[in-house]
1. Just to be sure I understand the filter: pairs with C-beta atoms under 6 Å, separated by 6 or more residues or on different chains, first member in segment 108-120 and assigned to a loop (DSSP other than H, G, I, E, B), second member not hydroxyl-bearing (Ser, Thr, Tyr). Which pairs pass?
2. Restricting the search to segment 15-57, which residues are closer than 22 Å to LYS104 by Cα and part of a loop (DSSP other than H, G, I, E, B)?
3. Pairs please, first residue from segment 1-14 and of a type in the set (A, V, I, L, M, F, W, C), second anywhere and at pLDDT 90 or above and not in a loop (DSSP other than H, G, I, E, B), Cβ atoms under 6 Å, 6+ apart in sequence or on different chains.
4. Check off (1) surrounded by 14 or more Cβ atoms within 10 Å (Cβ to Cβ); (2) farther than 21 Å from ALA129 by Cα; (3) out of contact with any helix residue (DSSP H, G or I) (no Cβ under 6 Å at 6 or more places or on another chain) for ARG9 and give me the number that stays unchecked.
5. Filter segment 16-38 for residues that are more than 13 Å from MET64 (Cβ to Cβ) and in contact (Cβ under 8 Å) with a residue 24 or more places away in the chain and give the result.
6. Being basic (Lys, Arg) and at pLDDT 95 or above narrows it down to one of LYS90, LYS138, LYS150, so name that one.
Amino acid sequence: MRGKRAEKRRLQNDPIYNSRLVTRFVNRLMEDGKKTVAQRIVYGALEDIKKQDKDPIETFETAMRNVSPRVEVRPRRVGGASYQIPIEVKGDRREALAIRWMIKAASDRSNSEYKNFRAKLAAELMDSASGTGAAIKKRDDTLRMAEANKAFAHFRW
């Protein structure tokens, strides 16, 4: 490798809930640099959770913790064959995968049931916090795949 490894930038905590995770979620949801739109969606979803007499930030953090994967599989070529090797997921990547899966699961919910993305996101956060939902299923599928390929763990690099 030439040059230095880029140093990680520290994100500011979001102004309302004082949470770095909410800031990361907003940034990931943002499209075409429209941060205010993303903030309106996320804060609106958290308000919808608050209307159902639940602590919004606690529900959000529980949902993210529940969706975060412990292991994932990464492909590795060994002697012409490609193996799926289970690898432990650490820190920032764990959060990033959880955020990505949560947004995808919310956007894949059917349109007939919900008015807008804000309602979909609120519903997915509530489901994930209670241990159900599409994002939890994605985490379980990833875990199952890692379990199935445990025999190739010795190929770890």
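The values are calculated or read from the model by the stated rules, or taken from the named source; none is laboratory data. Model, not experiment: these values are computed from the prediction. Cβ placement follows ideal geometry from the backbone for every residue including glycine, while neighbour counts extend to all protein chains displayed.
1. Short answer, once both residue conditions are applied: ARG109/LYS120; TYR114/LYS120.
2. Taking segment 15-57 and keeping what is closer than 22 Å to LYS104 by Cα, we get 19-49, 56-57.
SER19, MET30, GLU31, ASP32, GLY33, LYS34 - these are the residues of segment 15-57 that are closer than 22 Å to LYS104 by Cα and part of a loop (DSSP other than H, G, I, E, B).
3. Going by the 6 Å Cβ cut-off, the qualifying pairs are LEU11/ARG20; LEU11/THR23.
4. Among (1) surrounded by 14 or more Cβ atoms within 10 Å (Cβ to Cβ); (2) farther than 21 Å from ALA129 by Cα; (3) out of contact with any helix residue (DSSP H, G or I) (no Cβ under 6 Å at 6 or more places or on another chain), the lone unmet condition for ARG9 is (1).
5. ILE16, LEU29
6. Details: LYS90 fails: at pLDDT 95 or above; LYS150 fails: at pLDDT 95 or above.
Just a single option satisfies the conditions, and that option is LYS138.
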